[in-house]
Amino acid sequence: MTASADQGDPRVSKLLSLGKRRALQAISTPNQVFAILAVDHISALAGVARPDAPSSVTRSELASIKVKLVGSLAEATSGVLVDPVIGLEPVIGEDILPGSVGLLLGLEDGDYASLSATPQLFEGWDVRRAVASGAVAVKCSFLYDPFAPSEAAHVFVSDLVEECDRHGVPLFAEPLVAQSSADRRSVVVETARNIGALGVDVLKLEFPSTATSPDAEDEWQDACSELTEASQRPWALLSAGEGFETFTRQLVVACDAGASGYVVGRAVWQDLVANGVAANGPQLAEARRRLSVLSAIAESHASPWTRWFPAAADNRDLAAVELEKVSP
């Protein structure tokens, strides 16, 4: 199929199906903001666990680390992001993920490192299988340059949008900026505009500024406000390997400017993994404290995702249409 990123009014959003609406409720807090722990990492997790020899970390060891992280930290979250090839089976099969915490499944095979590579899913995985495995939402990540957009990336996302619509599950899209991008602000903003226009349900975005001066937060605020204005969908801030203190400052600014919460990985659990994921001890206490701080920021500052998908009479009309589809 051919896909394009239509430059529509960012304040206009499609209606959510009942299934998608319930799924977003299940993966967000009671205040409808995202507080999601990411443990879908593979190579990055191995690099934290054994920085001198990451390739020596076995799949079994990675699975064990993921199980310990989810078992230790998931209760403090609204959702957990897991990969389907290493983390999913032990996390679900060993009853580690609390039933009150939403499962977000990352379907992309991230073993490609150039903008010219075609995004792809893990072999044997698709939206149907993700739903059958208990996921309430799916995530796709891919490299993207909005000023030289790849038709393959647009097709990849658009096909997933259609599949997610068919199965009634939300799609979280994570377009990643090439590290060499000089103007992070314009790249992230235009990326959100382009990918949001393809019909994804939530954008998972990098912070739109690399400014580090003492007065950087003024520029941060402007950049995040521009990002919210450009986005046609709710967006959550990803930690992208930032240190905890920096990510905390970024999250306050992003949420004040309209972000709907966060998806965090290494900024919370890096020290815990580097020290062996101790069942008890100061690293575990610190990881839990960090999640508590981030969740408090999201609850106090973030815009609920319902800002983009308000409950309305139109949704009741949509519900009637869906019931007609399944009526005998």
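The values are calculated or read from the model by the stated rules, or taken from the named source; none is laboratory data. As the structure is a computational prediction, the values presented were derived from the model and not from experiment. In this analysis, Cβ positions are derived from the backbone assuming ideal geometry, glycine residues included, and neighbour counts consider all displayed protein chains.
Data for the structure
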quantity	calculated
Scan of region 49-83 for residues that are surrounded by 21 or more Cβ atoms within 10 Å (Cβ to Cβ), assigned to a loop (DSSP other than H, G, I, E, B) and of a type outside the set (S, T, N, Q), ordered by number	83
Cβ-Cβ under 6 Å pairs, at least 6 apart or on other chains, region 216-237 side among the acidic types (Asp, Glu), far side surrounded by fewer than 24 Cβ atoms within 10 Å (Cβ to Cβ) and modelled with pLDDT under 95	219/209; 219/211
Among the residues listed as 106, 102, the single one being touching a helix residue (DSSP H, G or I) at 6+ places or on another chain (Cβ under 8 Å), closer than 21 Å to residue 28 by Cα and of a type outside the set (A, V, I, L, M, F, W, C)	102
Residue check, residue 178 in contact (Cβ under 8 Å) with a residue 40 or more places away in the chain, out of contact with any strand residue (DSSP E or B) (no Cβ under 8 Å at 6 or more places or on another chain) and over 18 Å from residue 255 (Cα atoms)	no
Of the criteria (1) assigned to a loop (DSSP other than H, G, I, E, B); (2) at pLDDT below 95, which one residue 124 fails	(2)
Selection from region 229-285 of residues that are part of a helix (DSSP H, G or I), small (Gly, Ala, Ser) and at pLDDT 95 or above	230, 254, 267
Subset of region 162-213 (residues that are basic (Lys, Arg) and buried (at least 24 other Cβ atoms within 10 Å of the Cβ))	204
Selection within region 134-153 - under 24 Å from residue 70 (Cα atoms) and surrounded by fewer than 16 Cβ atoms within 10 Å (Cβ to Cβ)	134
